[in-house]
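J.: Mind having a look at this structure? Questions to follow.
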Amino acid sequence: MVELKSFGNEGKVISCPAGKAPEWFREMALKSRAGIAHLFILWGNIYDLQRNMRGEYSSLYQYLAEIFEQRDLIMFYSLSSGLQFASEEMDKLFRSKFLGADLSTPASTGKQSPTQAAAKGLQQNQAANAPLGQLIGETPDKALRFLEKVLTDEVVMSLKSVLIVDFAQNIAPNQIGNQNICDRISVEMLERWAKDCRIKESGNTIVLISPSLAGLAEGLRSPCGGAAAIRIPKPSEPERISRWKYNQSSNGVVFSEGLTPESLGRITNGLSLKQIDSI
């Protein structure tokens with residue numbers, strides 16, 4: 001067994017059979033455990049299927065949500081989708097802890113005038129139901145500024161969080177015009193996060209996802225920047241063979257005479273698992 005004590009709550013050990021965890025995950029877990037990095041850049045074959053510890057296939061985003069399932073908050077952020085959560089319960093927890101939406105007690109507790117109680121109730125209702133973009137900021141520079149408070153908040157340090165930033169090349173692009181102050185702020189914030197001791201000490205994790213490493217700001221890619229860039233490669237021959245076997249046993253695929261999962265695994269070198277499925 002390979003024990004990777006990195007991505008659960010404190011004391012939580014993720015165990016997986018040797019050889020089952022992909023190499024990129026092993027590298028990510030070991031660098032986290034060693035304290036080398038808390039901000040990771042996953043790039044390369046990011047849109048392909050990933051095989052979990054139970055032999056099931058899922059997207060990278062579902063795979064990451066499973067890896068971090070012991071965290072209190074699993075947050076996904078992108079330019080187009082804004083802030084989202086892995087579950088409705090996490091959305092409610094976020095609103096309760098960071099937006100003042102007390103979802104468990106009536107608004108009129110304590111000594112309050114009817115006007116004060118109504119005002120507080122209105123504020124709580126807005127925090128509980130309004131779109132998150134309206135509450136934390138619609139643009140990346142404003143949203144990231146709010147999320148920095150979440151990742152470094154000493155009051156709720158017991159909460160363990162992970163922030164997964166999709167299409168990170170659109171939020172921290174390599175080429176920034178001199179007039180684009182919002183992009184420059186976003187890039188600077190992410191570069192600062194990679195070195196922020198408060199985030200490291202809190203046990204929180206940030207994952208940037210981008211198809212190309214070169215598309216990200218140079219400061220994030222720099223060896224001295226504090227971030228750990230990890231490439232997700234195209235599937236190996238054993239992984240391609242496993243996918244052909246899966247399609248044969250679970251998806252009803254029938255091979256022509258003379259073709260086997262092993263032979264197909266060899267001749268589909270360089271293809272992703274999704275490309276194999278399209279065949």
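The values are calculated or read from the model by the stated rules, or taken from the named source; none is laboratory data. Computed from a predicted model, the values in this text were never measured in an experiment. We place every Cβ from the backbone using ideal geometry, glycine too, and count neighbours over all the protein chains shown. All accessible areas refer to the heavy atoms of the entire protein, side chains included, with ligands and DNA or RNA removed. Shrake-Rupley method; radii C 1.70, N 1.55, O 1.52, S 1.80 Å.
J.: Please state which of the following conditions ARG231 fails to meet, knowing it meets all the rest: (1) part of a strand (DSSP E or B); (2) buried (at least 17 other Cβ atoms within 10 Å of the Cβ).
T.: The single condition ARG231 does not satisfy is (2).
J.: Would you check which residues across the stretch 157-203 are aliphatic (A, V, I, L, M), under 18 Å from the mean Cα position of the chain (by Cα) and not in a helix (DSSP H, G or I) and list them?
T.: Within the stretch 157-203, the first condition is being aliphatic (A, V, I, L, M), and the residues that meet it are 157, 159, 162-165, 168, 171-172, 176, 181, 185, 187, 189-190, 194, 199.
Still in the list and also under 18 Å from the mean Cα position of the chain (by Cα): 159, 162-165, 168, 171-172, 187, 189-190, 194, 199.
Of everything in the stretch 157-203, those that are aliphatic (A, V, I, L, M), under 18 Å from the mean Cα position of the chain (by Cα) and not in a helix (DSSP H, G or I) turn out to be LEU159, VAL162, LEU163, ILE164, VAL165, ALA172, ALA194.
J.: Something else now. I'm trying to understand the selection: among the residues of the stretch 204-219, which are of a type in the set (A, V, I, L, M), outside any helix (DSSP H, G or I) and either open to solvent by 10 Å² or more (accessible area, probe 1.4 Å) or out of contact with any Asp or Glu (no Cβ under 6 Å at 6 or more places or on another chain) (or both)?
T.: First, the residues of the stretch 204-219 that are of a type in the set (A, V, I, L, M): 206-209, 213-214, 216-217.
Retained after the next criterion (residues that are outside any helix (DSSP H, G or I)): 206-209, 216-217.
Once the filter is applied, which keeps residues that are of a type in the set (A, V, I, L, M), outside any helix (DSSP H, G or I) and either open to solvent by 10 Å² or more (accessible area, probe 1.4 Å) or out of contact with any Asp or Glu (no Cβ under 6 Å at 6 or more places or on another chain) (or both), the stretch 204-219 yields ILE206, VAL207, LEU208, LEU216, ALA217.
J.: While we're on this one: Kindly indicate which of ASP196, ASP183 is open to solvent by 10 Å² or more (accessible area, probe 1.4 Å), among the charged types (D, E, K, R) and at pLDDT 90 or above.
T.: Working: ASP183 fails: at pLDDT 90 or above.
It is ASP196.
J.: One residue is enough: does the stretch 262-274 have a residue meeting the conditions part of a helix (DSSP H, G or I) and free of Cβ contacts under 8 Å to residues at least 12 places away in the same chain? Working first, answer last.
T.: Of all residues in the stretch 262-274, those part of a helix (DSSP H, G or I) come to 262-267, 273-274.
Among the residues that remain, those that are also free of Cβ contacts under 8 Å to residues at least 12 places away in the same chain are: 263, 267.
Yes; the residues of the stretch 262-274 include at least one that is part of a helix (DSSP H, G or I) and free of Cβ contacts under 8 Å to residues at least 12 places away in the same chain.
J.: It is to be established whether one or more residues within the stretch 60-77 are more than 12 Å from the chain's Cα centre (by Cα) and on the phi > 0 side of the Ramachandran plot. Please lay out each step first, then the result.
T.: So in the stretch 60-77, the residues more than 12 Å from the chain's Cα centre (by Cα) come out as 70, 72.
Now drop any that are not on the phi > 0 side of the Ramachandran plot, which leaves none.
Within the stretch 60-77 (the criterion being more than 12 Å from the chain's Cα centre (by Cα) and on the phi > 0 side of the Ramachandran plot), the answer is no, since none of the residues qualifies.
J.: Within the stretch 88-109, restricting attention to residues that are in contact with a helix residue (DSSP H, G or I) (Cβ under 9 Å, 6 or more places away or on another chain), open to solvent by less than 70 Å² (accessible area, probe 1.4 Å) and part of a loop (DSSP other than H, G, I, E, B), which residue is modelled with the highest pLDDT?
T.: As a first pass, look at the stretch 88-109 and keep what is in contact with a helix residue (DSSP H, G or I) (Cβ under 9 Å, 6 or more places away or on another chain): 91-92, 94-104, 106-109.
Within this subset, residues satisfying the condition of being open to solvent by less than 70 Å² (accessible area, probe 1.4 Å) are 91, 94-96, 98-102, 107, 109.
With the extra rule that they be part of a loop (DSSP other than H, G, I, E, B), the set shrinks to 99-102, 107, 109.
Working: LEU99: 89, GLY100: 81, ALA101: 63, ASP102: 59, ALA107: 44, THR109: 48.
That would be LEU99.
J.: Go through the stretch 46-64 and give me each residue that's within 22 Å of ALA214 (Cβ to Cβ) and open to solvent by 20 Å² or more (accessible area, probe 1.4 Å).
T.: Filtering the stretch 46-64 down to residues within 22 Å of ALA214 (Cβ to Cβ) leaves 46-48, 60.
Within the stretch 46-64, just TYR47 meets the criteria.
J.: Separate question: Residue by residue through the stretch 167-180, note down the ones that are open to solvent by 30 Å² or more (accessible area, probe 1.4 Å) and either in contact with an Asp or Glu (Cβ under 6 Å, 6 or more places away or on another chain) or in contact (Cβ under 8 Å) with a residue 40 or more places away in the chain (or both). Working first, answer last.
T.: First, pick out the residues of the stretch 167-180 that are open to solvent by 30 Å² or more (accessible area, probe 1.4 Å): 167, 169-170, 174-180.
PHE167, GLN169, ASN170, ASN174, ILE176 - these are the residues of the stretch 167-180 that are open to solvent by 30 Å² or more (accessible area, probe 1.4 Å) and either in contact with an Asp or Glu (Cβ under 6 Å, 6 or more places away or on another chain) or in contact (Cβ under 8 Å) with a residue 40 or more places away in the chain (or both).
J.: Let me ask something additional. Say we look at the stretch 65-84 and pick out the residues that are out of contact with any strand residue (DSSP E or B) (no Cβ under 6 Å at 6 or more places or on another chain) and open to solvent by less than 40 Å² (accessible area, probe 1.4 Å); which of these is nearest to LEU208 (Cα to Cα)? Let's see the steps before the verdict.
T.: So the first thing to find is which residues in the stretch 65-84 are out of contact with any strand residue (DSSP E or B) (no Cβ under 6 Å at 6 or more places or on another chain), and the list is 66-67, 69-70, 72, 78-82.
Now restrict to residues that are open to solvent by less than 40 Å² (accessible area, probe 1.4 Å): 67, 78, 82.
Numbers: ILE67: 15, SER78: 10, GLY82: 14 Å.
Among them, the one singled out is SER78.
J.: For the stretch 242-258, which residues satisfy the criterion of being in a helix (DSSP H, G or I) and open to solvent by 50 Å² or more (accessible area, probe 1.4 Å)?
T.: Matches in the stretch 242-258: LYS245, TYR246, GLN248, SER249, SER250.
J.: Show the residue pairs meeting these rules: Cβ distance below 8 Å; 6+ apart or different chains; first residue within the stretch 196-208 and within 8 Å of LEU163 (Cβ to Cβ); second residue open to solvent by less than 10 Å² (accessible area, probe 1.4 Å) and among the hydroxyl-bearing types (Ser, Thr, Tyr).
T.: Hits for this filter: ASN204/SER161; THR205/SER161.
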